[in-house]
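Undergrad: Take a look at the following structure, please.
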Amino acid sequence: MIPFLQKANYSKRGDRLWSSICLWSRTSPSSERTLYFKWCIASGIQRSLSDFWFNFCILQVFGMFATYLVLRTGTVWSAVVAHSLCNAYGFPDLSVFFPSYDGGRWSKTRVTIIGIYIAGLVGFFWLLEPLTSF
């Protein structure tokens, strides 16, 4: 229940929002308050579930990759290093692939970032086999 409440801004970071909701709830009719609180909880649950499934899928893919590294190299240290690098870099910002980035224009920066992402993926898969064969 705690993750759902955190996503619905019932955490310490949401104190300012919570205080404004409490102020608003004292000045509005009870039917509006009930609908608003139901909407807050429903949107928080929806965000929590989407975050859960996204993280679940990413962890499954990384688990398969880590297993591949352990089986190919014969040591667990390769998976430990890969995991530490993934934690250090985090998940890439994929907003450049959507039209809302940079006002929908195809600027040089946007094209460069997309080119670097594609070159990184090609390089990763091209070098995966030679770098893991011992």
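Every read-out reported here was derived from the displayed coordinates using simple, explicitly stated rules and does not represent laboratory data. Remember, predicted model here, so these are calculated numbers, not experimental data. All Cβ positions, even for glycine, are placed from backbone atoms using ideal geometry, and neighbour counts span all protein chains on display.
Undergrad: Taking θ = phi - 60°, what integer Hz values does the Karplus form 6.51 cos²θ - 1.76 cosθ + 1.60 yield along the stretch 70-81, in sequence order, with x for Gly and Pro?
TA: 5, 5, 6, 8, x, 9, 7, 5, 5, 5, 5, 5
Undergrad: Between ASN55 and ASP93, what's the calculated FRET efficiency when r is the beta-carbon distance and R0 is 25 Å? Round to 0.05.
TA: The computed FRET efficiency comes out at 0.95.
Undergrad: A follow-up question, please. Rounded to two decimals, what ratio of Rg to Rh does the stretch 52-132 give with C-alpha atoms and a Kirkwood Rh? Display every interim value, and only then the final one.
TA: Working: Rg = 15.6 Å, Rh = 14.8 Å.
When Rh is taken as the Kirkwood radius, the ratio is 1.06.
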